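Input: a single structure, listed below in structure tokens.
The values are calculated or read from the model by the stated rules, or taken from the named source; none is laboratory data. Just so we're clear, the structure is a prediction, and the values are computed from it rather than from any experiment. Neighbour counts run over all protein chains shown; Cβ positions are idealised from the backbone, glycine included.
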Ligand code: ARG
């Protein structure tokens, strides 16, 4: 159960019984150990409304709440209520949590949720910037599915538009020269570079490229065949990266922009029918009062260009329609760079005004940019975007070096397997542990450190717990006995474990994965303090049994939390 919620519900009900109907009890985890485990902070606000004495109201509230069987309470200051869970309650609840495959996390009322994430443009290879949407979005997907929602992954890949002109022209040129395209396309990045170089330097080629855009749009067969070949190749590059990064997207989740081509004209017609279109210099625009520029003039969204072409937002409008009608989504989350905030707010506003979107909750989950150590946007020395595939290779290489340093005797195969898990875990965790809305600095040394709030630290903590069982030759799956929590560090660890469900709920309130990473980091720290202070294998039998159960549960919650982040664990490092 969600412990915070449980206490909040009880306290809020008691507050109503005490005369403050509708006032929230505002129960939070206590800020300091001397305030107990939870605090109810809503009494002062409620008393103000009722014009009564807050300490008196707090007294009545505490009586009505009847928390006796779970906690002791204390009224502090002007009317705060400090709540300290009793040992017997903690032991009882921990027993239940340990027995539960869901670690106390309740199923939510299932909603159908479209999660739009990763969504790279296929005219380029995935670069480091894609790590954010991909890692954060995939965590949301995993958590929402674990909560019991019906999640539809939507990889809205860009596979259409003018960028494809030079690529197609270059493909045509190579095949005319008798080159095998499959071989040339193996190094996609080089392929793009050569094509765009030609576009810049060769007039005839550039003209050809523009011609290809027109032919593509007109559905010319030869052109479409080249295009499909290119898209296939590019998508398999993405798939390879997803697989290596342990991202749960598959080919079936990619619904590319071109899939909406046939719906675009209809979208513009229906906007026209609703009198939402204003023509401006041949382009079809939607003006909405909520979007005004600095000068107070309305900022238009162009839904069809003067040459008849459809811009990015037109496809997105069609995707909204598809998601609400075809997919019957109750909600949709767009994990997209904060720089697209205007685009997405225009998208949702136009969709609402046009009736494509009703009371469904569609929202932009924004995130900041990845910066280098100097605080500048990440680029290679030559000024190009850093390929995601290269970042992954480097992470794994660096992890292999670290593992070798820490544990030189490990054989090569085992080391390679560990390095894969640690290196990938490190780059994903670095993403997930930051506040998603701010820019963040990509720093190899910090993310691969075995100390601090990192994946290697947590993965290592996990292996340490597992090794307790290995060394003592105890089967963690056949532990007997019950929890008896005698020492303070045991209690602290136990309460943290009981707070796993409320942590998961807090993450999905606003898709802040760092709430979960912080939790896991603190959990590991509390485990280390417990392990230092409380002997496990040398304790007398009943205490040893209880402590072994604490070890086991901690390792399970660590591994489960990491799995929700899409991060794997290993048995030794
Ligand atoms: N392909 C876009 C880009 O790389 C991101 C798409 C995000 N999703 C969407 N429905 N607009 O910028």
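Look at segment 117-138: where a residue is farther than 27 Å from residue 226 by Cα and a partner is in a loop (DSSP other than H, G, I, E, B) and more than 9 Å from the ligand (Cβ to nearest atom), sitting 6+ places away or on another chain with Cβ atoms under 6 Å, you get 128/378; 128/386; 134/247; 136/436; 138/247; 138/248; 138/566.
Of all residues in segment 53-105, those satisfying the criterion of being assigned to a loop (DSSP other than H, G, I, E, B) and surrounded by fewer than 16 Cβ atoms within 10 Å (Cβ to Cβ) are 53, 66, 68, 69, 77, 78, 86, 100, 101, 102. Residue check: residue 119 meets all listed conditions (1) surrounded by 19 or more Cβ atoms within 10 Å (Cβ to Cβ); (2) in a loop (DSSP other than H, G, I, E, B); (3) in contact with a helix residue (DSSP H, G or I) (Cβ under 6 Å, 6 or more places away or on another chain) but one, namely (3). Taking (1) exposed (fewer than 12 other Cβ atoms within 10 Å of the Cβ); (2) more than 16 Å from the ligand (Cβ to nearest atom) in turn, residue 304 satisfies each apart from (1). Of the residues making up segment 537-555, those that are surrounded by 19 or more Cβ atoms within 10 Å (Cβ to Cβ) and either assigned to a loop (DSSP other than H, G, I, E, B) or out of contact with any helix residue (DSSP H, G or I) (no Cβ under 7 Å at 6 or more places or on another chain) (or both) are 543, 546, 547, 548. For residue 244, the test of being surrounded by 14 or more Cβ atoms within 10 Å (Cβ to Cβ), touching a helix residue (DSSP H, G or I) at 6+ places or on another chain (Cβ under 8 Å) and either modelled with pLDDT of 95 or more or over 30 Å from residue 416 (Cβ atoms) (or both) is passed.
Kindly evaluate residue 271 against the criterion of being within 16 Å of the ligand (Cβ to nearest atom) and in a helix (DSSP H, G or I). Spelling it out, it is not the case that residue 271 is within 16 Å of the ligand (Cβ to nearest atom) and in a helix (DSSP H, G or I). Being surrounded by fewer than 18 Cβ atoms within 10 Å (Cβ to Cβ), under 13 Å from residue 123 (Cα atoms), modelled with pLDDT of 90 or more and more than 16 Å from the ligand (Cβ to nearest atom) holds for only one residue in 196, 166, and it is 196.
When 301, 319, 332 are checked against the criterion of being assigned to a strand (DSSP E or B) and closer than 22 Å to residue 130 by Cβ, 332 stands alone in meeting it.
Suppose the filter is at pLDDT below 95, within 13 Å of the ligand (Cβ to nearest atom) and closer than 30 Å to residue 328 by Cβ; does residue 137 pass it? Walk me through how you get there before you give the answer.
Numbers: at pLDDT below 95: no; within 13 Å of the ligand (Cβ to nearest atom): yes; closer than 30 Å to residue 328 by Cβ: yes.
The answer is no for residue 137.
Consider segment 1-52 and keep the residues that are part of a loop (DSSP other than H, G, I, E, B) and over 36 Å from the mean Cα position of the chain (by Cα). The one that is nearest to residue 68 (Cα to Cα) is 18. Annotation: of all residues in segment 335-357 being outside any helix (DSSP H, G or I) and away from the ligand (no atom under 13 Å from the Cβ), the one that is surrounded by the fewest Cβ atoms within 10 Å (Cβ to Cβ) is 355. Of the residues making up segment 259-290, those that are loosely packed, with under 12 Cβ neighbours inside 10 Å and over 35 Å from the mean Cα position of the chain (by Cα) are 269, 273, 275, 279, 281, 282.
Among the conditions (1) touching a helix residue (DSSP H, G or I) at 6+ places or on another chain (Cβ under 6 Å); (2) surrounded by fewer than 15 Cβ atoms within 10 Å (Cβ to Cβ), residue 223 misses just one, which is (2).
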